[in-house]
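Every number here is computed from the coordinates shown, using simple stated rules; none is lab data. Worth saying up front: this structure is predicted, and the values here are computed from it rather than measured. Cβ placement follows ideal geometry from the backbone for every residue including glycine, while neighbour counts extend to all protein chains displayed.
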Amino acid sequence: MSRDLLKFLAFAVLVLLAPLYFKGGYLMNVLVFVGIHTMLAIGLNLLLGYAGQISLGHAGFFGMGAYLSGILTATYAWNPWLAMPLAALLVGALAFMIGFPILKLKGHYLAMATLGMGIIIYIVFNETIDLTGGPSGLSGIPSLSIGTFTFDSDVKNYYLIWSITLGTILLTLNLANSRVGRALRAVHDSEVAARVVGVNARLLKVQIFALSAVISSVAGSLYAHTMTFVAPASFGFNFSVELLTMVVIGGLGSIYGSFLGAALLTLLPEFLRAAHDYDIIIYGGLLMLMVMFMPGGLVRGIPDLFRMLVKGRGGDGHA
Amino acid sequence: MQFDQLLQYSLSGLSTGAIYALIGIGFSIIYNATGIINFAQGEFVMLGGMFTLLFLETFKLPLWAAIPCAIAASTVAGMLFERLAIRPLRQPTPINLVIITIGGSILIRGLSMLAWGKDTHAIPPFSGDDPISIAGATILPQHLWILAITILIVFVNRFYFYHTISGKAMRACSYNRRAAGLVGIDVRRMVLFSFIISSAMGAVAGIIVAPLTMTAYDVGVMLGLKGFCAAIIGGMSSGMATVVGGLLLGVLESLGAGLISSGYKDAIAFIILLLILFIRPQGLFGKAESERV
C-alpha cells in the first residue's frame, strides 16, 4: 500500500522491538510515559497543528480522564475497562459543549479562555476533597488487567500503552489524510475560504476539540492505572505548557513530530536529573528558540538544516 | 451578613482590584499598540517586587531609592524582551506570538527562581502597619498607598495618551498601524514604547502589592491572569473601563472568598473571564464594533 502505511509499520516494529534492546530496567518506565505523552501531544496537535486552534487547558482534560477513572475504580470499584470509555465519553461531551462558545474566540482570546478553563478544572481537583482527595491526591487505583493477567510491570505496561498509542497514531494519520483532514487544513489556512467552499468550520472545530479531549482523557485513564496514584499537581497550567512545547518542538501538524517532541521532553529531564528544578528554564528557552528559528519544528527543521549543510559544502567544493 | 463584614471585604477587594487594574492597563497598552496579548505581563509584576527586594537587601538601599531602581530594572527587562523575543520573530502569527510570550514568561520565571530561590519574601510596608478603622472595617496604610498610586498612574496615563505627541502617536497606532506608519509615525518605536510603559506599570503594581501579599518567583502567573481578566471586562481599554473592570473583579473575588469559599477564590475570576468572553467579548461597557481576532 502507500508510503504512509510503510512508514507506520516501520515505526510500529521499532516500538514493539524496543523492549528487547532496553531489557526492562528504569528506562522502560520512562518509555511508558513517552507513550502517554505521545498520545497527549497528538491530541493537542490535531487541534493546534491541523485546525490551527490553540488550547492551553489540555492538562485539564488529561486530569479529568485520570480522576474519573481513578474515582470510579478506586472508590466505587468499577471495572477499569468500563470506567475508561465512560470517562472519555463524559470528557468528550463536556468538551463538545464548551467547544461551541470557546471556539468562537480566536488567537489570543482563545488561548486565554482555554487557559482559564484549565485553571478552573485544576481548582476543582484541589477543592473537591471528598471526591479527589484534594492536593494530597487519590491512591489505590488498580492496575489494568485482562482476566487473570494484570499489567503490573513496566514491560507489560509498555506494550499496553504503546498498542493504544499506535492505534491513536493510525487513527489520526487516517483522519489527517481524509476529507476531514483536508477540511481542517482549509480551516487552518483561512476559515472564511473554508466556509465558502462548504466546510462547516464551526462544527468541525468543535468536533476536533472534542476528539482531542477524548484522546487526552484516554491518556489520563491510562496514566491513572499505570501510576495507581493521581494528584492535582500533574494536571496544572505547567503541564498544559509542557504539552504545547512538545507539539511545537516536534512540529505543528506532524504526527511523528508529536512523538519526537513527546520523546524529547520526556527523556530530557531524565538526563538532566541534576538540573531538575531548572527544567522550566529549558522549556521556556526551547519554546522561544523553536518559534524563532525553527517554526516548522524538528520534523521539518532537521531536514532543512541537513540540506543547508550539504548544499553549503557542495558550494565550497565548486569554488 | 453584617454590614461591617461586607464593607471589610469590599475595601480589601478594592485594593487588590486596583492592582488588577494596573496590570490590566499594561495588557491593554501592548494589545492596542501591537495586537499582542503579552502572556509575560505578570512576570514584570513579579520582577518589580523581586528587584525591590534585591536593591533593599543586597545593595542596602533605602526603600524610597530601591523602588525607582526596581522599576527601572524591570523596564529594562521589558525592553530586552521586546527586542530579543518580539521584534526578531519572522512569522508573527497570533499562535506564534502566544507561544513566544509564554516561552518568555517561563524563561523569566525560571531565571528568577535561579537568582532568588523558591522562598517567599516580604517587602516592608511604605508607612508602617498600624490599621486604620473606617466605619467598623479596618484597612492598612498600604491599602491607601495602593489606591492613591493607582489613581495617580491612571491620571498620568490619561495625560500621556491625550496630551503628548508620543501618546497621541501610540493611539494612532492602536486605531490603524498602517495608516499611522503612513503619516510618519515610527510604529516599531511605538511598539517598544508600549512594552516600556506596560512593564513599568506592571513593576509598580508588583511593588505596591508586595508588602501586603509577599512576593516570590511565581506570583506573576496568577496576577497576570487576573490583570488580563480586568482588561477583558474593560474591553481592552487602557483607561477607566479597565480600572472599573479591575475593581469589580477585586471586589467580587473578595466577597466570593469571604462569603462562599476561599478555596474557589481564583476560580471566581476565571469564571467571570469565561462568561465575559462568551457573552460580551467586547467588554462590559464596549459596543460590539468589531470582531476581536
Checklist entry - Once you charge only the Cβ atoms, +1 for Lys and Arg and -1 for Asp and Glu, what is the size of the charge dipole of chain B about its Cα centre, to the nearest 20 debye? => result 1140
Item to check | Dipole of the protein assembly as shown, positive end: most advanced residue of A:Gly167, A:Trp81, A:Val187 [Cβ charges, Cα centre] | outcome: A:Val187
Item to check | Selected from B:Phe27, B:Phe51, B:Phe159 as most flexible by GNM, with chain B as the system and alpha-carbon contacts under 10 Å | outcome: B:Phe159
Next on the checklist: Multiplying the sequence separation of A:Leu89 and A:Lys23 by 0.36 nm and subtracting their Cα-Cα distance, what value in nm do you get?
Outcome noted: 20.1 nm
Next on the checklist: Looking at chain B as a GNM with Cα springs under 10 Å, which of B:Leu192, B:Leu84, B:Leu47 has the largest mean-square fluctuation?
Outcome noted: B:Leu84
Item to check | Residues with amide H under 5 Å from that of A:Ser145, placed H, sequence gap 5 or more | outcome: A:Phe151
Next on the checklist: Only helices at least 30 Å long along their own axis, judged from Cα atoms, and with Kyte-Doolittle mean hydropathy of 0.5 or greater: name those in chain B from DSSP H.
Outcome noted: B:3-34, B:94-116, B:141-163, B:187-213
Next on the checklist: If amide hydrogens are placed 1.01 Å from N in the peptide plane, which non-local residues have theirs closer than 5 Å to the one on A:Gly253?
Outcome noted: A:Gly49, A:Tyr50
Next on the checklist: If I model a spin label as a point 7 Å beyond the Cα along the Cα-Cβ vector, how far apart are those points for A:Thr228 and A:Leu9 in nm?
Outcome noted: 4.0
Checklist entry - Nearest 20 debye, what's the magnitude of the dipole of region A:3-318 about its Cα centre given +1 on Lys and Arg Cβ and -1 on Asp and Glu Cβ? => result 1080
Item to check | Cut-off 11 Å (backbone N to label point 7 Å along Cα→Cβ of A:Asn177), residues of region A:1-17 | outcome: A:1-9
Checklist entry - Which distance in nm do the two modelled labels at B:Ile196 and B:Ala115 give, with both placed 7 Å along the Cα-to-Cβ direction? => result 2.0
Item to check | Which of B:Ser133, B:Ala21, B:Leu111, positive extreme of dipole for region B:1-145 (C-beta unit charges) | outcome: B:Leu111
Checklist outcome for this item: If unit charges are put on Cβ atoms (+1 for Lys and Arg, -1 for Asp and Glu) and the dipole of region A:3-318 is taken about its Cα centre, the option from A:Leu6, A:Leu40, A:Leu264 lying farthest towards the positive end turns out to be A:Leu6
Item to check | Sites B:Ala122 and A:Trp78 - FRET efficiency at Förster radius 41 Å, r taken between beta-carbons, to 0.05 | outcome: 0.25
Checklist outcome for this item: If R0 = 22 Å, then B:Thr138 and B:Gln2, at their Cβ-Cβ distance, give a FRET efficiency to the nearest 0.05 of 0.95
Checklist outcome for this item: Computed over region A:3-318, the relative contact order (Cα-Cα under 8 Å, seq sep at least six) in percent reads 32
Checklist outcome for this item: Gyration tensor on Cα atoms of the protein assembly as shown, a ≥ b ≥ c root eigenvalues, a/c under 1.5 rounded, else prolate if a/b beats b/c, else oblate, says prolate
Item to check | Euclidean distance of C-alpha centroids, region B:68-113 and region B:231-263, integer Å | outcome: 26
Next on the checklist: Please compute the average number of Cβ atoms from other chains found within 10 Å of each residue's Cβ in peptide A:120-131.
Outcome noted: 3
Item to check | Rough spin-label spacing in nm, given labels placed 7 Å along Cα→Cβ, for B:Leu284 and A:Glu270 | outcome: 5.1
Next on the checklist: I need A:Glu270, A:Glu191 ordered by Cβ neighbour count within 10 Å, fewest first.
Outcome noted: A:Glu270, A:Glu191
